[in-house]
Every structure is written in structure tokens, then in C-alpha cells.
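A.B. asks: Before I ask anything, here is the structure I am working with.
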Amino acid sequence: MPHRAVVLSLVLLLAVPAGAQDVPDAGTPTGVLTKAPALLQQVEARFPPEAAAQGLAGTVVMEVDLGADGKVMDARVVQPAGHGFDEAALEAVRQFEFSPAEVDGQPAPVRIQYAYEFLYRPQVVEAPPAPKEEVVNFSGVLLERGTRKALAGATVVVDVGGEPREALSGEDGRFELKGVPSGTWPVLVTSPEHTRYEVTENFTEGQRTEVTYHVRRKQYGALETVVRGKAERKEVAQVSLRQEEVKLIPGTQGDALKVVQNLPGVARSPFGIGLLVVRGGKPWDTRVYVDEELVPLLFHFGGLYATFNSNLLEDIAFQPGNFGAEHGRSIGGLVRAATRTPSKEGLHGYVDLNVIDGSALVEGPLGNDWSFAAAGRRSHVDAVLPWALRTFAPEANALSFTVAPRYFDYQLKLERRPKGSRERLSLTLFGSDDRLSLVFSNPAWDSEGRGNVDTLQSYVRFAFRWDKPLGSRLTMLTRASVGLDRNELGAGADIFVRTAQYPVSLRHGYSLELTEQKLQLNAGVDVLVIPFTQEVQAPPPFKLNQIPDPFVSRRLLREDASRVPFQPAAYLEAVWQPLPGLKVVPGLRADYESTIRRTWLDPRLAAFWQVTGSTTLKAAAGLYRQPPDYRRGLLSPTFGNPDLLAEGARHYAVGVEQQFTDALSLDMQLYYKDLFNQAESVPAPSSPDADASLPSYASTGRGRGYGVELLLRHQLTRNFFGWIAYSLSRTERFDSRLGKMRRGPLDQPHNLVAVASYKLPHDFIAGVRLRYSSGPLDTPVAGAIYDANANYYYPLAGELFSRRLPAFFQADVRLDKRFVYDDWMLALYVDVQNVTNRQNVEGTLNNFDYTQERFLYGLPIIPALGVRGEF
């Protein structure tokens with residue numbers, strides 16, 4: 001006689017409530033499953049007679065669509081068994097009833113995966129008669145091996161003499177079974193995402209058997225998908241990356257923020273030092289935010305790692321231009337990183353040690369609603385770099401270290417996030433510190449024999465975040481922070497720059513949903529106050545057409561200042577859908593800057609038209625302005641010009657997005673950026689009788705950038721993700737001496753990046769990154785003037801940026817291997833940069849009288865080894 005056993009497995013594939021209208025900011029994840037559906041009524045499937053006649057068994061895996069009321073809307077077979085099992089399973093499942101699932105505390109339709117297992121037994125073995133009142137005598141908890149996460153929706157089957165008894169694990173991983181007879185019986189645990197777990201248990205009458213099973217996941221690693229609802233799309237040029245997509249990209253040392261350098265519109269920075277050169281603009285033109293807090297220093301010394309721990313991030317959004325009115329004080333790109341909620345499922349963390357630094361993180365719950373995370377990083381590059389320079393860059397032997405480059409950073413986060421609520425409250429403390437001291441052993445590097453350079457860059461921020469729903473349609477968003485930034489640079493005892501800033505920021509806004517009008521309104525204020533003190537003693541800024549005095553001590557200027565720059569702003573933005581498939585996003589931003597005493601009003605507009613289900617056309621235009629770079633002293637009355645205008649740019653873009661499959665898409669856009677009121681150096685007076693008191697800088701610079709950007713992207717799937725990014729661009733600046741446009745200093749016409757990561761059997765993950773880009777621009781030396789008094793040769797520059805150095809190519813590979821234990825995991829990885837050992841030209845070096853020249857090459861093949869323990 002045929003027997004049947006049912007294996008129920010719930011796997012969240014899609015949890016987006018129908019008609020969802022809440023659109024939080026980019027840092028707030030949406031579509032969070034707060035209650036899984038539970039099986040209320042099961043209909044037993046008939047056993048196909050032809051299968052019974054042959055003594056066959058089989059398992060049918062189906063996708064089942066449940067409505068917001070828990071009723072079965074549709075079902076389809078994704079893994080057939082044949083022999084009549086498929087039809088029988090579908091007939092039964094369509095009569096099932098479930099409790100409604102909830103997303104963000106509200107009933108919502110979901111898709112589940114259901115495995116129906118048909119077992120055939122030639123004989124019916126009668127189970128021992130159950131007691132009149134059965135009690136729970138078999139219970140336990142299911143945990144995922146290695147991560148210790150509760151395993152929900154798994155099926156526990158006890159085979160009692162051929163008659164299966166089943167239980168389904170709850171959200172906490174716990175299960176219970178009543179009346180299991182005495183004896184030794186096999187126990188089977190099944191879940192679609194995990195391997196079969198089989199064990200034999202001994203059951204004794206009158207005793208309760210308590211167990212803990214560690215069930216191994218089929219695949220471990222960073223390629224683990226978390227499906228969420230999508231925030232409202234408002235930017236035309238935006239690439240969003242999830243943290244699990246970017247941790248294992250070769251050449252980034254596992255740092256998620258470094259991955260931004262591999263996206264369209266971002267040029268390769270010199271020596272790979274971590275500068276963000278977006279669409280040919282200055283690094284100052286691009287801002288980086290973490291939870292809407294401005295990060296003053298993105299990367300540690302040499303661009304090795306970001307100053308904020310990537311393992312605390314949930315996702316990253318990069319916009320090379322045409323961002324919305326909510327953000328300003330920038331004329332280039334925008335990087336927005338959102339932190340995740342610390343784990344509420346027990347104590348977790350990691351310890352990572354590699355040849356560059358060591359880092360650690362620990363996180364866990366604090367009561368029902370609160371959780372915490374603490375992380376830190378400390379370099380030991382101070383022990384590695386001197387050896388690397390002696391080995392790979394002997395031309396730098398004029399340098400030695402008294403305090404070699406060393407850095408550390410830290411993060412501490414407390415967050416309250418009630419289950420089933422959209423409210424989110426967090427407090428975050430984070431900071432960074434970089435120090436370096438160099439000694440010049442060669443007097444040719446310094447004709448006055450100062451002999452040393454000392455640097456310090458540090459910052460600390462204490463940030464407050466509160467997302468508060470004020471109703472079903474209105475949400476309040478508040479961000480505030482206070483901090484301290486210190487920057488010091490000294491050469492000898494007489495040249496120094498010492499600044500201390502105490503930034504205070506407040507961003508407070510509201511988001512209103514008007515569902516009937518298909519309209520969302522966002523409005524708020526964005527205030528930044530930067531009290532600072534500074535001590536500066538340095539030579540005046542270099543001017544074009546001027547031969548500097550090699551004895552700079554005769555020209556030193558000093559400035560001691562204390563100011564309180566005040567930069568308030570307000571914004572208003574709408575997301576309107578006037579027609580099906582058409583979305584219009586107008587915005588307006590008003591800014592004021594107290595140092596230059598200027599107010600500006602920037603209108604912006606973006607539009608999206610979904611032509612078909614897979615094709616979207618887009619266009620945008622906007623005005624963007626920012627204060628001149630105060631860090632370079634551009635607004636200093638002694639070294640700069642406090643009467644400069646706000647630097648401006650007009651952004652224009654058109655593009656198309658094509659979705660080929662659920663995973664494969666192409667994004668192409670054309671852009672044009674018109675620059676005006678750029679701060680530029682004022683040439684030295686041509687006549688000795690000219691006014692020498694003219695400011696060093698003026699707002700007379702202008703330029704343009706234009707190009708096309710392509711991103712062919714394969715989204716994260718079970719085993720693979722990657723992309724091909726290509727930028728074809730031109731950056732130009734107006735040369736007033738020539739009366740025409742010339743190539744800008746950061747012009748890089750071709751930039752091609754291909755990255756891919758694939759999960760192999762036995763917990764291996766392999767990745768590769770290929771990069772090709774145009775070589776950097778260089779200004780040749782036309783000759784030199786000899787100063788007999790100083791015994792010094794001064795170079796005479798040829799045409800500015802008239803020579804392009806050889807093109808750049810680099811291949812990086814990475815291999816990760818994971819070992820999984822019951823309560824923790826161990827990962828070994830090797831990240832090899834420049835695996836082809838290509839000599840890439842980064843610049844040029846000249847001899848003492850500039851009669852000879854040779855190339856300066858980047859680093860050769862660099863293997864980085866590391867070990868990481870996770871618990």
C-alpha cells in the first residue's frame with residue numbers, strides 16, 4: 001500500500017505588499033518580512049496508481065503564490081518528478097490554506113516554495129498506539145551551521161517504523177512533536193536551502209528528548225540574496241550595490257566603498273590612492289555620505305581601506321551626476337552608503353587579519369528592540385611599507401620613516417528598531433586617525449635642509465538618526481551630528497598647517513504620500529556649521545609664469561584665524577506619475593554660504609518613461625553649486641580670496657535602461673557637464689610694476705565634460721554576479737592664455753572595467769577584475785634654468801598636459817575558501833593585484849638638471865593573504 005509524507009519548506013522569494021506606497025530614504029530598507037505564512041489546512045494528495053504499481057517514490061518542488069489573505073492564488077512545478085506525481089501535488093496544494101504573511105507589519109502577498117514528497121512502502125507497519133492524551137516528548141531547535149541563525153520553515157520528520165511524524169520549525173527555529181513512541185527512530189531535517197540532515201535518536205517512555213541540530217547550508221559566502229522592496233527611483237544616473245555583492249571583488253581587499261572606483265564615470269586615480277575622480281571633476285566635487293553624514297576622509301593612507309568599516313554597510317548608491325535636490329554643496333558625484341541594523345539573533349562577529357591590517361566586529365541584541373555593533377581596524381602597514389619601498393621602488397630611497405604610515409578607525413552603533421514597525425532610532429560614533437612622518441636623507445629634495453614632513457588626518461563623528469512614521473502617509477526623517485576634524489602638515493619647524501574643525505550638521509525632513517494623486521512630496525532643511533581654528537605658516541601659492549625662489553623661508557606668510565562658516569539650505573522635491581509609465585521628479589534647492597556671503601537657487605528635473613516592461617527612457621537636467629575648497633585655503637584672505645563665487649556646473653543627461661532577463665541588464669547614458677565660476681590660479685604679473693597684492697585665485701575658470709557610460713550588469717544570483725563598465729569621455733578646461741579649450745588635468749578618455757565572482761563547489765569563491773584605461777596626462781619639461789646662488793635647477797614646463805603616458809592595464813584575482821564548523825566559520829583568502837606583473841606608468845622622474853627622464857612605474861604583482869574567523 002502506498003504511503004505519503006509531506007515536506008513543507010517556506011523560502012521567502014518575494015515579499016512586496018501590493019500597492020505599497022511608503023518610500024523611505026535610501027538608507028532605510030523596505031519590504032522586511034515580519035511574519036511568515038503558516039500552514040492552516042492541508043489536503044492529502046492522492047498517490048498515482050501507476051507509480052504505486054511500480055513501487056516508485058518522488059519529490060515535487062513547487063512555487064506557490066499566496067494572496068494577502070493567505071489563500072493560494074497560483075501554483076506551478078519548478079522541479080518535476082513525473083509518473084503522475086506533479087499533477088497530484090498541484091491538485092492538493094491548490095486546496096491548501098495558510099495564515100496571511102506580513103511585510104512591515106501589514107498583510108502582503110508572498111511567494112513560497114513547497115516540496116511535496118511521495119514515499120512508497122510495500123507494507124503498512126502499524127505504529128504503537130498513542131496514549132489517550134499525547135504530550136510533547138521530542139523538541140529542539142534548528143540552527144544553521146556556522147552562523148547559528150535560527151532555521152525557520154524546515155521540516156523535521158521522525159520515521160516511526162515506516163510511519164512518518166512531522167513538525168515544522170518556527171521563526172525561532174524551534175519544533176515540537178507529541179507522542180513519539182519509545183524506540184530508536186531515524187530523524188530527517190529538510191530545507192530547500194540546506195543539505196539533508198539525518199540522525200538517529202533514542203526515545204524513552206516518560207522522558208522528553210531535547211536536541212539541537214546544526215544544519216549545513218548548501219552554499220556559504222557573500223553571494224547570499226536578501227530580497228527587499230525597492231525605494232522610489234528618483235535619480236537618472238544611479239548604480240545601487242548591496243553589501244553582499246561587493247565584498248569579494250578582487251583588488252578591493254574586500255572593501256565595499258572601493259568598489260565605487262570600478263563603476264562607469266569614475267576614472268582611475270593616480271597610483272590607485274583612492275581619490276574619486278568622477279566625470280573628470282576634482283575629488284572635492286564629489287561628496288560621500290554614510291547614513292546622510294558627510295565623511296571628510298573616505299580612505300586611509302594610500303587608498304588602502306575606507307575609514308568606515310564596510311561590514312556595517314547594507315548597500316551603496318553611486319550617482320555620477322544629476323542627483324536630486326535633497327543634496328547639494330557638490331558639483332560632481334554623490335556616494336550614499338546606508339548602514340544596516342545590527343544583528344538581533346544572538347552574538348555575532350568576526351576577526352580578520354591580513355598583511356595590511358587587522359580588524360574585528362561584534363554585534364548582538366540588547367533586549368527586544370535594541371541591538372548594538374562595535375568594530376575597529378588597526379594597520380600594520382608601518383612594518384610592511386618600508387620593506388615594500390626598498391624592494392619595489394628603490395628610486396624612493398631618499399625617504400625614510402620615523403613614524404611610518406599607520407592608521408586606525410572605529411565604529412560603535414546602537415539602534416532601536418521595533419519588530420513590525422517602520423520606526424528606526426540609532427546613535428553612531430565613528431572616527432579615523434592617520435599619521436605619517438618622513439625624513440629626507442637626500443638634500444636635493446629640500447634645498448634648505450628641513451629634512452622631514454609630518455602629517456596627521458583624523459576625524460570623529462557622533463551621529464543621531466530617527467525615522468518616525470507620523471501616520472500611514474507621512475514620515476519624519478531626522479539626521480544630526482557633531483564632530484571634530486584635525487588636519488596637520490609640517491615641513492621642518494617653520495612651515496606648517498594646523499586646523500581643527502568642529503562641524504555640526506542637521507538634516508530634518510518630511511515625506512508625504514498622496515496616493516490618489518500619485519504624488520510624493522519631500523521637503524526639509526539641510527544645515528551645516530563648521531567652526532574652525534587654524535594656524536598656517538607657508539609660502540604664497542605658486543603662480544603661473546613665475547619662477548619660485550628656492551629659499552622659501554624668505555617668503556613665508558602666516559595666518560592665524562578663527563571663523564564659523566554657516567551653510568544653511570532648504571529643499572523641495574516631488575515624485576509625480578501623471579501618466580501610466582511616466583514619472584517626473586522636479587526639485588528646487590536653496591543654499592547660503594556665510595564666508596563668501598552668497599545665496600544660490602538650484603532647480604533640477606528628472607523624468608522616466610517606461611516604454612515597455614523591460615525598456616525605460618530617462619533624461620535629467622539641473623544646476624549644481626558648491627563653495628570653493630576651503631581645505632586648500634581658497635577662501636583664506638592671506639593665501640586665497642574670500643570673495644570667490646560659488647563654483648557651478650550645469651548637468652544634462654539622457655539614457656536608456658534595458659532589462660534582458662531578471663538578472664541581466666544594460667544601462668547606457670550620455671552626459672554633458674558645463675562648468676563655470678571655477679576657482680583658478682591667477683597668473684603672476686607680467687610687469688614688475690603690476691599690483692602684487694592681487695589675490696592668488698579668481699572665479700574665472702570654466703570648462704566642460706561630456707561622454708557616454710555603459711554598464712552591462714549581471715545581478716547577484718545563487719552562484720554568480722559581475723559587470724562590465726565602460727566610459728568614453730572628454731574633460732576640457734578653458735586656457736585663457738591660448739584662448740581655447742584644452743584637455744583637463746584629469747582627462748581619461750577610455751576606462752574599461754570587468755569584474756566577476758563565481759561560487760565554486762566545496763565553499764570556494766573565485767573572482768577576477770580586469771581594468772584598462774588611458775594613460776595619465778603629463779606636462780613635458782622643455783628645459784631648465786640654473787640658479788647659481790642656490791645651486792638649483794628650475795624646470796621650464798612645456799605645453800600644459802600636452803603628453804599622454806602609456807595606457808594602463810591590470811588584472812586582479814581573488815580566491816576564498818571557507819571552512820564551516822557548528823558555531824563558527826573560518827575563511828582563508830588570497831587577493832593578488834596586478835597578477836600579470838605589468839609595469840604600468842604612473843608618472844615621470846627627471847635627473848637633477850632635467851636633461852634625462854624616465855618613467856615612474858606603479859607597484860608590481862602584490863599578493864595579499866588573509867584569514868578571517870566568523871562567529
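A.B. asks: Check Val830 against each of (1) among the aliphatic types (A, V, I, L, M); (2) touching a residue at least 40 places away in the same chain (Cβ under 8 Å); (3) open to solvent by 40 Å² or more (accessible area, probe 1.4 Å) and name the one condition it does not meet.
C.D. replies: (2)
A.B. asks: Would you be able to say whether some residue in the range 667-688 is modelled with pLDDT under 95, over 27 Å from Arg287 (Cα atoms), among the polar types (S, T, N, Q) and more than 30 Å from the chain's Cα centre (by Cα)?
C.D. replies: Scanning the range 667-688 turns up at least one residue that is modelled with pLDDT under 95, over 27 Å from Arg287 (Cα atoms), among the polar types (S, T, N, Q) and more than 30 Å from the chain's Cα centre (by Cα).
A.B. asks: Could I ask something else about it? Tell me which residues, restricted to the range 476-501, are of a type in the set (A, V, I, L, M, F, W, C), open to solvent by 30 Å² or more (accessible area, probe 1.4 Å) and either touching a strand residue (DSSP E or B) at 6+ places or on another chain (Cβ under 8 Å) or at pLDDT 95 or above (or both).
C.D. replies: Those that are of a type in the set (A, V, I, L, M, F, W, C), open to solvent by 30 Å² or more (accessible area, probe 1.4 Å) and either touching a strand residue (DSSP E or B) at 6+ places or on another chain (Cβ under 8 Å) or at pLDDT 95 or above (or both): Leu477, Val482, Leu484, Leu489, Ile495, Val497.
A.B. asks: Right, next: Answer yes or no: is there a residue in the range 733-744 that is assigned to a loop (DSSP other than H, G, I, E, B), among the hydrophobic types (A, V, I, L, M, F, W, C) and open to solvent by 20 Å² or more (accessible area, probe 1.4 Å).
C.D. replies: Yes: the range 733-744 contains one or more residues that are assigned to a loop (DSSP other than H, G, I, E, B), among the hydrophobic types (A, V, I, L, M, F, W, C) and open to solvent by 20 Å² or more (accessible area, probe 1.4 Å).
A.B. asks: Please determine, by comparing only the residues of the range 170-202 that are touching a Pro at 6+ places or on another chain (Cβ under 7 Å) and not polar (S, T, N, Q), which one is modelled with the lowest pLDDT.
C.D. replies: Gly179
A.B. asks: So, of the residues in the range 235-269 that are at pLDDT below 70 and open to solvent by 10 Å² or more (accessible area, probe 1.4 Å), which turns out to be farthest from Asp747 (Cα to Cα)?
C.D. replies: Only one residue tops the list, namely Glu244.
A.B. asks: Among the residues of the range 336-344, is any assigned to a loop (DSSP other than H, G, I, E, B) and crowded, with 22+ Cβ neighbours inside 10 Å?
C.D. replies: yes
A.B. asks: For the range 150-169, indicate whether the set of residues that are in a loop (DSSP other than H, G, I, E, B), open to solvent by 20 Å² or more (accessible area, probe 1.4 Å), at pLDDT 90 or above and on the phi < 0 side of the Ramachandran plot is non-empty.
C.D. replies: Yes; the residues of the range 150-169 include at least one that is in a loop (DSSP other than H, G, I, E, B), open to solvent by 20 Å² or more (accessible area, probe 1.4 Å), at pLDDT 90 or above and on the phi < 0 side of the Ramachandran plot.
A.B. asks: When only residues in the range 752-763 that are surrounded by fewer than 19 Cβ atoms within 10 Å (Cβ to Cβ) and at pLDDT 90 or above count, which is nearest to Gly843 (Cα to Cα)?
C.D. replies: Out of the qualifying residues, it is Leu752.
A.B. asks: Taking only the range 42-76 into account, find how many residues are more than 14 Å from Arg111 (Cβ to Cβ), β-branched (Val, Ile, Thr) and either touching a Phe, Trp or Tyr at 6+ places or on another chain (Cβ under 6 Å) or at pLDDT 90 or above (or both).
C.D. replies: The qualifying residues number 1.
A.B. asks: Same structure again: For the range 564-580, check the following and say yes or no: at least one residue is open to solvent by less than 30 Å² (accessible area, probe 1.4 Å), of a type outside the set (S, T, N, Q), more than 25 Å from Pro283 (Cβ to Cβ) and without any contact (Cβ under 8 Å) to a residue 60 or more places away in the chain.
C.D. replies: So far as the range 564-580 goes, yes, one or more of its residues are open to solvent by less than 30 Å² (accessible area, probe 1.4 Å), of a type outside the set (S, T, N, Q), more than 25 Å from Pro283 (Cβ to Cβ) and without any contact (Cβ under 8 Å) to a residue 60 or more places away in the chain.
A.B. asks: Are any residues in the range 298-335 in a loop (DSSP other than H, G, I, E, B), open to solvent by 10 Å² or more (accessible area, probe 1.4 Å) and farther than 23 Å from Val239 by Cβ, and if so, which ones?
C.D. replies: Once the filter is applied, which keeps residues that are in a loop (DSSP other than H, G, I, E, B), open to solvent by 10 Å² or more (accessible area, probe 1.4 Å) and farther than 23 Å from Val239 by Cβ, the range 298-335 yields only Leu304.
A.B. asks: Okay, moving on. Quick one: which residue in Gly105, Gly84 is in contact (Cβ under 8 Å) with a residue 12 or more places away in the chain and surrounded by fewer than 17 Cβ atoms within 10 Å (Cβ to Cβ)?
C.D. replies: Answer to the check: Gly105.
A.B. asks: Same structure again: Please find, within the range 627-666, the residue that is surrounded by the most Cβ atoms within 10 Å (Cβ to Cβ) out of those that are farther than 27 Å from Val584 by Cβ and among the acidic types (Asp, Glu).
C.D. replies: This residue is Glu647.
The values are calculated or read from the model by the stated rules, or taken from the named source; none is laboratory data. It should be emphasised that the depicted structure is a prediction, and the values quoted were computed from it without experimental measurement. All Cβ positions, even for glycine, are placed from backbone atoms using ideal geometry, and neighbour counts span all protein chains on display. Note: accessible area is taken over every heavy atom of the protein model, side chains too, but ligands, DNA and RNA are not part of it. Shrake-Rupley method; radii C 1.70, N 1.55, O 1.52, S 1.80 Å.
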